[in-house]
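**Student:** Take this structure first; my questions come after.
Just so it is clear, none of the values below were taken in a lab; they were calculated from the coordinates. Nothing here was measured: the structure is a model prediction, and the numbers come from that model. Don't worry about glycine lacking a Cβ; one is built from the backbone with ideal geometry, like all the others, and counts go over all protein chains shown.
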Amino acid sequence: MEELNLDIFNLLDSQPVPSRGSLLVAKPTVEDFCFKRSVTVLVDHDEEGSMGVMVNKPTRFTLNEIMPDLECNAQIPLYLGGPVGTNQLFFVHTLGKEAIPDSEQLAPGLFFGGNFDLMKLFLANGHDINEKVKFMVGYSGWTSGQLDNEVNRHDWAVLKGDIAQLVMSDDNETIWHKAVERFGDQYRLWKAWPDDVSLN
């Protein structure tokens, strides 16, 4: 059975080297509770290790609940960025460096972090942030060489290019499927694999 899974799901095409702004799309047979069908945007990747945040794992909490002093009437979803540092808050956005100074550009039109006081002011002024900002607690981390090894054993497919719209989508149930579609028809078996094989 293990050989069959390898034949079906291992990637036939060589993967690009992960880098800042790459998306890591989890193989459908990854059963880890945290990373199952996850889509993670890489914030850093170098010889010392890697760091990223998942963008399709909403929690049952809102930003307003963990920041009761937040001056914002809209209920803002809070995502799980990963299992590490879950007492830390991160955000990705499409607002750019002019609106949120000190942001780091990850990909065309996609930014990470920045001046949080100005972000709070942006929220307090009632600006619409739907599909423009995502907040998450925790991050996903890999030690030196760990992520490259996981890519080589086909735990992740690496997606590069214009990813901002995909990352910021609020249709979290479909982000993984839409990411897989971008890899082409050879990944059709990934999409067909049931979310819970025990039900088949």
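**Student:** Looking at the stretch 30-52, which of the residues that are assigned to a strand (DSSP E or B) and either of a type in the set (Gly, Ala, Ser) or touching an Asp or Glu at 6+ places or on another chain (Cβ under 8 Å) (or both) is surrounded by the fewest Cβ atoms within 10 Å (Cβ to Cβ)?
**Tutor:** By that ranking, first place goes to Gly49.
**Student:** Filter the helices (runs of 4 or more DSSP H) completely within the stretch 53-133 down to those with at least 2 residues that are touching a helix residue (DSSP H, G or I) at 6+ places or on another chain (Cβ under 9 Å).
**Tutor:** Output list reads 116-124.
**Student:** Then there is this: Give me a count of the residues in the stretch 145-175 that are closer than 23 Å to Glu31 by Cβ and among the aliphatic types (A, V, I, L, M).
**Tutor:** Final tally of qualifying residues: 6.
**Student:** Now for a different question. Tell me which residues, restricted to the stretch 97-126, are in contact (Cβ under 8 Å) with a residue 40 or more places away in the chain and crowded, with 17+ Cβ neighbours inside 10 Å.
**Tutor:** Within the stretch 97-126, Leu106, Ala107, Leu110, Phe112, Leu123 meet the criteria.
**Student:** Pull up the stretch 157-176, narrow it to residues that are out of contact with any Pro (no Cβ under 8 Å at 6 or more places or on another chain), surrounded by 15 or more Cβ atoms within 10 Å (Cβ to Cβ) and not hydroxyl-bearing (Ser, Thr, Tyr), then point me to the one that is farthest from Phe91 (Cα to Cα).
**Tutor:** Result: Ala157.
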